[in-house]
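The values are calculated or read from the model by the stated rules, or taken from the named source; none is laboratory data. Note that this is a predicted model, so its numbers are computed, not measured. Quick reminder, even Gly has a Cβ in these numbers, built from the backbone with ideal geometry, and neighbours come from all protein chains shown.
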Amino acid sequence: MKVAVAMSGGVDSSVVVKILKDQGHDCVGLFLKLWSDPTSGASCRKENRCCDYEALEDARMVAAKLNIPFYVIDAKVEFKKEVVDYFLEEYKNLRTPNPCIVCNETIKFDLLLKKALSIGCEKLATGHYARIEDGKLLKSVDETKDQSYMLYRLNQSQLSKVLFPIGEMKKKDVRELAVKWNLPVKEKPESQEICFFADRDYRAFLHRYLDEKYFQSGDIVDTNGKVIGKHDGLLNYTIGQRRLIDQLQVSSFKLQADKKPLYVIGFDSKKNRLIVGNDEEVYKKEMVVGNLNWISPEAQKLKSLEASSLSVKIRYRHLDVEVKSIEQLKNKTIRVVFVKKQRAITPGQSAVFYSSNQVLGGGIIDC
């Protein structure tokens, strides 16, 4: 087949090209040029390889070594609109976004896939750690690198045109192949999680692009409404967070041996209040999930979900946990009840449902 490979300049996508070439496919390298924060360029650390230019040159060197055509697709405008603006808007609404999921949905497996098909390619291959079998999206063999959570918004049409050649491999084996084949990126470290700014802390990025009104100081209150301190802007906090709470000067609470640490458990945006509580209060037995996307046609029937052995992952790095029940609500959302209470259910994050190793679909956590 003629296959387009999404080349990022990293080890995984570079190994993908070599694997497909050795299988006899006619490969074309495609590099996405994305928007990145121009004001953080000076702080771009080489070990993270977050600069567009360095990633582009790495991908170009691999394409040259493997003797395949290589094209650069300028998607800066689309990426800024679909991913960066979404990221900022979610934080303005005191939700915690996942830009990688939106990028996969709108850029890599929409814009890039369409570009690949428009130049005569039959498939688009990427370096994602996931598998596709008979129209089903499955977890990667390497559970420590599994990226199926990030791909739950794909549909059947997209899955039919996508290849994940390293989904059956362990990360260590992929890197060993890069060394064996002497690829130019064989020693390249892992890329950072959020690609469009170089700051270690996302808060610096938010301060550069959002109005100061979103960072106004306000009261920190306990669950009884008692004021115990001051916060420095609600956008600086996420559900379950302890860091920064410990650092604040509070009027009636100090972190002493006889005091329990406090964690963020909610927001009162109308009164600009940060609500904190003890660790037990961070746990919830249920959540509401909206903006649903079901990959599996069978999963669109709620009864089949309830009848199956169902689990859900509420954050990328978390293990999936057992679901007790799912209830369809009137506003195209679902209420999910866990077998055991879960910590830090975070609005804006994705809830992804699994049946064993198969991704059924998922949605965005509302509350």
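Just wondering, is there one or more residues in segment 41-56 that are surrounded by fewer than 16 Cβ atoms within 10 Å (Cβ to Cβ) and modelled with pLDDT of 95 or more? No, because not a single residue in segment 41-56 is surrounded by fewer than 16 Cβ atoms within 10 Å (Cβ to Cβ) and modelled with pLDDT of 95 or more.
Across segment 28-39, the number of residues qualifying as over 15 Å from Asp74 (Cα atoms) and in contact (Cβ under 8 Å) with a residue 60 or more places away in the chain comes to 3.
Quick grid of which residues meet (1) in the same structural domain as Ser118 (by TED's automatic domain parsing); (2) of a type in the set (Asp, Glu); (3) without any contact (Cβ under 8 Å) to a residue 12 or more places away in the chain:
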{"position": "Ser140", "(1), (2), (3)": "yes, no, no"}
{"position": "Ser157", "(1), (2), (3)": "yes, no, yes"}
{"position": "Leu163", "(1), (2), (3)": "yes, no, no"}
{"position": "Ile166", "(1), (2), (3)": "yes, no, no"}
{"position": "Gly229", "(1), (2), (3)": "no, no, no"}
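Would you be able to say whether some residue in segment 278-294 is in contact with a Phe, Trp or Tyr (Cβ under 7 Å, 6 or more places away or on another chain), in a helix (DSSP H, G or I) and modelled with pLDDT of 95 or more? Yes, the conditions are met somewhere in segment 278-294. Any idea which of (1) buried (at least 20 other Cβ atoms within 10 Å of the Cβ); (2) assigned to a strand (DSSP E or B); (3) not aliphatic (A, V, I, L, M) is the one Gly127 doesn't satisfy? Evaluating Gly127 over (1) buried (at least 20 other Cβ atoms within 10 Å of the Cβ); (2) assigned to a strand (DSSP E or B); (3) not aliphatic (A, V, I, L, M) leaves (2) as the failure. Set side by side, the residues Ile345, Ile326 differ, and just one is assigned to a loop (DSSP other than H, G, I, E, B) and either out of contact with any Leu (no Cβ under 9 Å at 6 or more places or on another chain) or at pLDDT below 95 (or both), which is Ile345.
If you go through segment 203-237 and keep only what is within 26 Å of Lys108 (Cβ to Cβ) and crowded, with 19+ Cβ neighbours inside 10 Å, you end up with Phe205, Leu206. Among residues of segment 191-202 that are closer than 14 Å to Asp37 by Cα and touching a residue at least 40 places away in the same chain (Cβ under 8 Å), those with a beta-carbon under 6 Å from a residue that is surrounded by fewer than 16 Cβ atoms within 10 Å (Cβ to Cβ) and not charged (D, E, K, R) at least six positions away or on a different chain give the pairs Ala198/Ser43. Kindly evaluate Gln342 against the criterion of being touching a Lys or Arg at 6+ places or on another chain (Cβ under 7 Å) and within 29 Å of Gln156 (Cβ to Cβ). Answer is no for this residue.
Checking each residue in segment 265-285 for being more than 12 Å from Ile345 (Cβ to Cβ) and not charged (D, E, K, R) picks out Phe267, Ser269, Asn272, Leu274, Ile275, Val276, Gly277, Asn278. Can you report the number of residues in segment 146-160 which are surrounded by 20 or more Cβ atoms within 10 Å (Cβ to Cβ) and over 14 Å from Glu105 (Cα atoms)? Number satisfying all stated conditions: 1.
Against the definition (of a type outside the set (A, V, I, L, M), surrounded by fewer than 19 Cβ atoms within 10 Å (Cβ to Cβ) and out of contact with any strand residue (DSSP E or B) (no Cβ under 7 Å at 6 or more places or on another chain)), how does Glu143 come out, yes or no? The answer is yes for Glu143.
From the list Gly127, Gly120, Gly167, the lone residue that is on the phi > 0 side of the Ramachandran plot and of a type outside the set (S, T, N, Q) is Gly120.
Candidates are the residues of segment 326-348 that are under 14 Å from Trp294 (Cβ atoms) and in contact with a Gly (Cβ under 7 Å, 6 or more places away or on another chain); the one that is surrounded by the fewest Cβ atoms within 10 Å (Cβ to Cβ) is Lys332. Looking only at segment 349-367, which residues are within 26 Å of Leu138 (Cβ to Cβ) and in a loop (DSSP other than H, G, I, E, B)? Listed by number, the residues that qualify are Gln349, Ser356, Asn357.
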